[in-house]
1. So who's got an amide H within less than 5 Å of the one on LEU124, skipping anything under 5 residues away but keeping other chains? H placed 1.01 Å off N, in plane.
2. Please rank LEU136, LEU168, fewest neighbouring Cβ atoms within 10 Å first, as an exposure proxy.
3. Calculate for the chain the 222 nm mean residue ellipticity that helices alone would give, adding -39,500 (n - 2.57) per DSSP H run of length 4 or more and normalising by residue count, nearest 500 deg cm²/dmol.
4. Return one quarter of the surface area of the convex hull spanned by the alpha-carbon atoms of segment 5-172, equal to its mean projected area, in nm².
5. Just name one of LEU113, VAL73, GLY56: the one whose Cα is farthest towards the positive end of the charge dipole of the chain (beta-carbon charges, Lys/Arg +1, Asp/Glu -1).
6. What does the charge count around ASN135 come to, taking other residues whose C-beta lies under 15 Å from its C-beta (Lys +1, Arg +1, Asp -1, Glu -1)?
7. Counting Lys and Arg as +1 and Asp and Glu as -1, what is the net charge of the other residues whose Cβ lies under 12 Å from the Cβ of GLY166?
8. In terms of modelled amide H atoms, which long-range or inter-chain residues lie less than 5 Å from the amide H of ASP160?
Amino acid sequence: MRSSTRIRLIEPTDAAPIAAHRARDFEAFRPWEPAQPADFFTPEGQAERIDSLLDGYRAGAVWPGVVLADDQVIGQVTVGGILPQPHLRRGSVGYWIASVAQNQGHAGHAVGLVLRVMTDELGLHRAEASTHLENLPSQRVLRRNGFSPYGVAHSSILLDGSWRDGLLWERVLGD
Ligand SMILES: CC(C)(COP(=O)(O)OP(=O)(O)OC[C@H]1O[C@@H](n2cnc3c(N)ncnc32)[C@H](O)[C@@H]1OP(=O)(O)O)[C@@H](O)C(=O)NCCC(=O)NCCS
C-alpha cells in the first residue's frame with residue numbers, strides 16, 4: 001500500500017537527505033532538471049541553498065516545501081515567483097520526487113496539498129507551472145490537479161545542454 005504523502009516547509013536538517021537523493025538521481029534527472037554546480041549535491045551546498053530559500057520565504061517570494069513519505073524526505077515542492085499584489089496573487093509550482101519513491105502518487109498528492117497552501121495560507125488566486133514537452137509523468141501530475149496547458153514558451157530553459165521549449169500550465173484556484 002502507498003505510504004501517505006505530507007508536505008511541510010523546508011528545514012536546515014533537510015540538507016543531507018536532499019543532497020543524497022539528488023546525487024543518486026543525477027543521471028535520471030538530467031533530461032528534466034537544470035544543470036547545477038557541484039556543491040548542489042553536497043549537504044553543505046544544500047544547507048546554503050535552504051538558507052536562501054528560507055530568506056525568500058520570509059520575504060514572501062517563495063514557499064519552499066519538502067515532500068515526506070513515512071516521515072522521510074523524498075522530494076521537494078516549491079511555490080516560486082510569488083506575486084502577492086491584490087491584482088495578481090499568483091505563484092509557480094515546481095517539484096521533484098526521488099526515483100526510489102516515484103510512481104506511487106506522491107507528486108500528485110504533494111501538488112494537491114501545496115495548492116491548498118497557496119489558497120488558504122498564501123491567499124493566491126492563480127497557480128502556474130511549466131513542464132518539458134516530453135515529461136509525461138509531470139504533465140499527468142498537473143492534469144490530475146486540475147491544471148490545463150495554455151501555451152508554449154519557446155527555447156525557454158537550458159536542459160541537458162539544449163534550449164528546450166516549456167509547456168505552460170495554469171489553474172485558477174478556488175475552481
Ligand atoms: C515528474 C515527477 C515529479 C512525478 O513524480 P511521481 O511521484 O512519480 O508522480 P505520481 O506518481 O504522482 O504520478 C505520475 C503519473 O505519471 C504516469 N507515468 C509514469 N511514467 C509515465 C510515462 N513514461 N508516460 C506516461 N505517464 C507516465 C503515472 O502513471 C502517473 O499517472 P496517473 O496519475 O495517471 O497514475 C517525478 O517523476 C520526478 O521528479 N521526475 C524528475 C524531475 C522532474 O521531472 N521534475 C518536474 C519538472 S516539471
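Only the coordinates and a few stated rules stand behind these numbers; no lab work does. Source: prediction; values computed, not measured. Ideal geometry is used to build each Cβ from the backbone, glycine not excepted, and the neighbour counts take in all protein chains shown.
1. THR119
2. LEU136, LEU168
3. -8500 deg cm²/dmol
4. 9.3
5. Checked the options; the winner is LEU113.
6. Summing Lys/Arg as +1 and Asp/Glu as -1 gives 0.
7. With Lys, Arg at +1 and Asp, Glu at -1, the neighbours total -2.
8. Amide H neighbours of ASP160, under 5 Å, 5+ apart: ALA35.
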